[in-house]
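Heads up: the structure comes next, in structure tokens.
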Amino acid sequence: MSTDRTIAVVLDAAGTASASADGSVAWWRYATEVLDHVRLPYRRLDLVDETATGDYVGLLVLTRTPALDDAAIDRLAAWVRAGGALLTVGEPGALAEVAGVSTAGSVDDGHVRVAHDDDAWTQAPDVPVHAIGGVRLQPADTTVRVLATWDDGDTAAITARRVGAGVVVCCAADVWQSIVRIQQGYPVHHDGQPAADGSAPIDDGILKCEDGLALDFTADRALPPGEPAMQTYEHTIPPASGLPMFHRPHADLWRSVFLQILWWTADQVDVVTPWLHYWPAGVPAVGHMSHDADQNVEEHGRTALEVFDEADVSVTWCQLYPGGYRPETYAAVSAAGHEQALHYNAMHDADIATWGWPQFRAQYAWAQAVTGTERIVSNKNHYTRWEGWTEFYDWCERVGIEIDQSRGPSKQGTIGFPFGTTHVSFPIAGADQGYRYYDVLNLPLHTQDLALAGHESIRDVIIDAALAQHGVAHFLFHGPHLHRRPATRKACLALADEVRRRGMQWWTSGRINAWERRRRGVRLAVQRADDGWRVKTIADEGLPGAGILLPFPERADRNPYRLQDGDGTVTPVRRHGREFLELTVDIPAGTASWTVA
């Protein structure tokens with residue numbers, strides 16, 4: 001087999017066509033979003049044919065196991081024995097035998113516990129991870145290594161088995177359905193079920209994102225550290241103490257689990273897996289502060305400008321219809337470096353403040369007019385209003401909204417990570433639109449108004465998770481509360497300092513959007529060269545200060561790795577609990593290359 005082998009990913013075109021015909025969701029298509037977000041180089045395949053086991057392939061990922069004839073099964077087994085790595089997700093199907101497992105029933109909704117004592121994991125989740133869909137595995141013998149189990153019994157959820165010179169890894173949880181369902185929720189057509197302890201009364205007669213929650217109020221929440229446990233909670237503002245919160249981003253945990261499996265599996269067969277850090281080199285995560293212009297009172301707007309100036313944070317300022325500030329206040333918002341955005345209102349309190357495409361389009365035009373900003377790319381829905389599943393993203397595409405930050409909490413008991421993520425991502429559509437990705441990034445919201453709607457004990461839980469997953473920590477403030485509540489103003493200033501103290505930077509939604517879209521235009525390739533790597537990039541646009549992450553093997557002579565040609569630096573870093581070499585370079589548009597050795 002070739003020395004420089006790569007990853008191939010099979011998307012099962014036949015299975016996708018079948019799902020489309022019956023109107024179900026081809027969850028496995030979302031694998032491309034997970035991989036494209038890390039910019040990991042791979043080759044897409046529609047089916048398992050001779051190409052899938054060619055000499056150039058070192059690691060073959062089956063996003064779902066397709067129907068295979070005996071010849072294909074034999075060919076895959078022989079390829080693994082000769083030194084290939086096979087990674088399957090979901091039901092292993094006809095490959096169960098080579099994986100050394102049998103299936104022992106399906107799981108519609110459950111939790112997976114990762115084996116902390118197994119060195120395959122570099123960042124094992126500290127909670128059972130919520131899985132939606134999957135099967136239970138029963139290992140055939142002791143040659144099968146159990147990397148994770150279903151939390152409600154002794155059946156395996158993730159296994160690994162050496163087969164000749166290769167390895168087969170089975171992730172029996174439906175990673176793709178779990179991530180999409182947690183992030184995008186269920187379609188919203190009626191009130192959701194509230195938390196039994198009174199902390200999250202989402203059955204308020206107002207349709208919103210939380211009404212489609214996939215996470216569980218009991219299994220997936222915990223109290224902030226040091227806060228007292230109670231049988232029931234009163235939903236008062238401000239709360240007397242910290243309430244149960246969605247304290248872990250479960251979609252991100254699945255993303256991290258999959259990447260750790262991928263990296264470990266690649267290591268077993270010596271496949272190099274470079275990727276592009278989510279932020280500029282050396283930046284572990286970012287903070288995002290948004291401001292919603294509720295009530296449109298001049299004094300409130302001016303106070304907010306003062307607070308954000310004192311905090312030294314550029315915010316995304318979401319403008320709410322109807323009414324508005326005076327023209328000079330809108331001008332002051334722009335002059336201070338804040339981003340002008342839309343705060344779409346569908347709360348039935350004005351003529352066009354209802355849910356619908358014409359109303360959304362009209363409010364977008366209103367925001368353009370009052371702010372004097374032609375290109376508005378960011379939006380947050382007032383009260384996190386939502387209806388249906390993904391229809392809203394169609395509207396965003398039509399007016400030019402490129403990043404939406406509506407998916408977050410409106411209640412104290414849903415604070416944290418109700419949609420399971422700190423990362424931006426492109427939502428996937430259903431069968432009716434061919435499982436395409438909307439050209440609208442989702443930017444999660446995590447809490448509102450510290451020391452008022454959100455108890456201050458939640459702050460560091462959110463920051464910690466964003467750092468652990470290298471994502472975004474999003475804190476929302478409202479002008480009326482900054483104006484009237486000294487404690488909220490003080491909490492905002494303290495938050496700004498704490499985020500910077502932790503090594504993070506404050507970015508607006510527009511900046512996050514622009515950076516992520518530029519990242520998505522970078523393609524990586526790596527070849528071994530002289531006890532190191534030759535790194536090549538092809539970029540649609542330049543990406544200054546980028547961090548290209550490479551494996552960090554120990555050297556017998558312990559000499560540090562250095563950049564042999566070109567401008568940049570090489571620094572050891574830890575990402576997702578794993579050691580990497582971070583090559584810091586200004587990636588130019590077009591083609592460029594560097595040698596690290």
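List the GluC sites (Glu not before Pro) within the range 315-400 that fall in a DSSP loop (any state other than H, G, I, E or B) and whose Cβ has at most 13 other Cβ atoms within 10 Å. Show your work: numbers first, answer last.
Numbers: sites: E328, E339, E374, E387, E391, E397; in loops: E374, E387.
Listed in order of number, the matching sites are E374.
Which percent of the Cα-Cα distances in the chain go past 36 Å?
For the chain, the fraction of Cα-Cα distances above 36 Å is 37 percent.
Heavy atoms only, 1.4 Å probe, whole protein assembly: order W28, W176 by accessible area, highest first. Walk me through the numbers before you get to the answer.
Values: W28 30, W176 5 Å².
Largest to smallest exposure gives the sequence W28, W176.
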log10 I(q)/I(0) for the range 391-550, Debye formula on C-alpha points only (no solvent), q = 0.11, 0.12, 0.15 Å⁻¹, two decimals, reads -0.58, -0.68, -0.95
Here the averaged projected area of the range 142-242, based on the convex hull of its alpha-carbon atoms and given in nm², is 10.0
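How would K490, K536, K411 rank on accessible area, largest to smallest, probe 1.4 Å? Before the final figure, lay out each step's value.
Values: K490 150, K536 90, K411 15 Å².
My answer, sorted largest first, is K490, K536, K411.
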Computed lengthening from A82 to E554, 0.36 nm per intervening residue step minus Cα-Cα distance
167.3 nm
With only Lys, Arg, Asp and Glu charged, each at its Cβ (+1 for the first two, -1 for the last two), find how big the charge dipole of the chain is about the Cα centre; round to the nearest 20 debye.
1140
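Shape call for the range 279-512 from the C-alpha gyration tensor, a ≥ b ≥ c root eigenvalues: rounded (a/c under 1.5), prolate (a/b greater than b/c) or oblate? All intermediate terms of the calculation are to be shown ahead of the outcome.
Values: a/c = 1.56, a/b = 1.11, b/c = 1.41.
It comes out oblate by the Cα gyration axes.
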Determine which lysines satisfy two conditions relative to K411: a Cα distance under 23 Å, and not lying fewer than 8 residues away in the same chain.
K208, K380, K490
The farthest towards the positive end of the charge dipole of the range 93-240, of the residues A160, L147, V180, given +1 on Cβ of Lys and Arg and -1 on Cβ of Asp and Glu, is A160
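Enter the accessible area per residue of the chain (Å², integer; probe 1.4 Å; all protein chains in place).
36
Shape verdict for the range 22-150, please, from the Cα gyration tensor: rounded (a/c under 1.5), prolate (a/b greater than b/c) or oblate. Don't skip to the answer; put the middle values down first.
Working: a/c = 1.38, a/b = 1.25, b/c = 1.10.
Rounded shape, in that the Cα axes give a/c under 1.5.
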Label point distance in nm, A365-T595, each placed 7 Å from Cα along Cα→Cβ
6.1
Taking every DSSP beta bridge that has both residues in the chain, what percent is antiparallel when rounded to the nearest 5?
60
Would you work out what percent of the accessible area of the chain, with all protein chains in place, is carbon or sulfur (probe 1.4 Å)?
48
Tell me, in nm to one decimal, what length is gained between A525 and R500 on full extension, where the rule is 0.36 nm per residue of separation less the Cα-Cα distance?
5.7 nm
Per the charge dipole of the chain (beta-carbon charges, Lys/Arg positive, Asp/Glu negative, Cα centre), the residue among G532, V269, A332 reaching farthest to the positive end is G532
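The values are calculated or read from the model by the stated rules, or taken from the named source; none is laboratory data. Predicted model, so just to flag it, every value in this text is computed and none were measured. Glycine gets a Cβ as well: all are built from the backbone with ideal geometry, and neighbour counts include every protein chain shown. We work out accessible area using only protein heavy atoms, side chains counted, and drop any ligands, DNA or RNA first. Shrake-Rupley method; radii C 1.70, N 1.55, O 1.52, S 1.80 Å.
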